[in-house]
Amino acid sequence: MNTFWQKPLLFVVLASPFIWLVTEVLSGNLIDPIEEITNPTGQWALRFLLLSLLITPLNKILPFSIVKFRRMIGVFSFFYACMHLGIFLIDQQFSLTFILEDVTKRPYIAIGFSAFLLLFLLAITSTNKMIRRLGRRWKQLHKFIYLIAILVILHFYWQVKSMADIEPLIYTIITLFLLSFRVEWKKWLKR
Ligand code: HEM
């Protein structure tokens, strides 16, 4: 079966939140552009991060392989995280003083930064050349993705306005479910 269309289609799907945001900005529909871009870019970064993690368990149950899509999903997660950070930096007028003040005043910002730095590390080590060069260490390094998911969920919880907000809870459940798949329980229990 010809599958050349799958990756371009996935690209369009993953880029659609960005296209939608750009059209919203251009049409002048946003009342508070900083907040209305910060929140969705953060959400899409997290959603695509979790989707990239879902690939492994899904691949085990599906009759065909979907592993080839994982990298593109991860790269898009990083892309939305970059936009998220970019808007924050614009809001802070790229002033180191303002940024440091914000980091000390709002700890969830420091958590977001830690998650971003780790995500950056994973993004730059995801080229074919780096995967080859790192060998087995690449797999070890990329386990950080679970820590990133936990940090981002913490970052999310810390600033939700109402505990009735169900969204971070859904992401927590998905992350715990994914983690339960990855932990080598048998080895762990033997220790
Ligand atoms: C790079 C450092 C980061 C900074 C400075 C930062 C900053 C922010 C800010 C200012 C908000 C909005 C808070 C509010 O509305 O009061 C936010 C929300 C959020 N951020 Fe980040 N963030 C960072 C990293 C990340 C990363 C790496 C992710 C995901 C991979 C992420 C996901 C989210 C999510 C899901 C929200 C909640 C959106 C909502 O309330 O609907 N953030 N972040």
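The values are calculated or read from the model by the stated rules, or taken from the named source; none is laboratory data. Note that this is a predicted model, so its numbers are computed, not measured. No Cβ is skipped: glycine too gets one built from the backbone with ideal geometry, and neighbour counts run over all protein chains shown. Accessible surface is based on the protein model in full, side chains and every heavy atom, while ligands, DNA and RNA are left aside. Shrake-Rupley method; radii C 1.70, N 1.55, O 1.52, S 1.80 Å.
For the stretch 74-122, what are the residues that are near the ligand (Cβ under 8 Å from one of its atoms) and outside any helix (DSSP H, G or I)?
Within the stretch 74-122, just ARG106 meets the criteria.
Quick check on SER126: is it farther than 24 Å from LEU49 by Cβ, more than 9 Å from the ligand (Cβ to nearest atom) and of a type outside the set (Val, Ile, Thr)?
Criteria not met by SER126.
Kindly provide the set of residues from the stretch 125-152 that are part of a helix (DSSP H, G or I) and surrounded by 14 or more Cβ atoms within 10 Å (Cβ to Cβ), ordered by number. Before you say what the answer is, go through the steps one by one.
Initial filter on the stretch 125-152 (part of a helix (DSSP H, G or I)): 128-134, 136-141, 144-152.
Correct list: ILE131, LEU134, TRP138, LEU141, PHE144, ILE145, TYR146, ILE148, ALA149, ILE150, LEU151, VAL152.
Please pick out the residue among PHE48, PHE69 that is assigned to a helix (DSSP H, G or I) and within 14 Å of the ligand (Cβ to nearest atom).
PHE48
Is at least one residue of the stretch 22-39 in contact with a Phe, Trp or Tyr (Cβ under 6 Å, 6 or more places away or on another chain) and open to solvent by less than 60 Å² (accessible area, probe 1.4 Å)?
The answer is no, given that none of the residues of the stretch 22-39 is in contact with a Phe, Trp or Tyr (Cβ under 6 Å, 6 or more places away or on another chain) and open to solvent by less than 60 Å² (accessible area, probe 1.4 Å).
Quick check on GLU101: is it open to solvent by 50 Å² or more (accessible area, probe 1.4 Å) and not hydroxyl-bearing (Ser, Thr, Tyr)?
It is true that GLU101 is open to solvent by 50 Å² or more (accessible area, probe 1.4 Å) and not hydroxyl-bearing (Ser, Thr, Tyr).
Give me the pairs: first residue in the stretch 125-154 and among the hydroxyl-bearing types (Ser, Thr, Tyr), second residue outside any helix (DSSP H, G or I) and open to solvent by less than 80 Å² (accessible area, probe 1.4 Å), beta-carbon distance under 9 Å, and six or more apart or on different chains, which are they?
Within 9 Å, the pairs are THR125/HIS142; SER126/HIS142.
I'm trying to understand the selection: among the residues of the stretch 158-174, which are under 14 Å from ILE109 (Cβ atoms) and more than 8 Å from the ligand (Cβ to nearest atom)?
Selection gives TRP158 alone.
Against the condition farther than 25 Å from ILE173 by Cα and open to solvent by 70 Å² or more (accessible area, probe 1.4 Å), how does ASP91 come out, does it pass? Walk me through how you get there before you give the answer.
Values: farther than 25 Å from ILE173 by Cα: yes; open to solvent by 70 Å² or more (accessible area, probe 1.4 Å): yes.
Taking the combined requirement at face value, the residue satisfies it.
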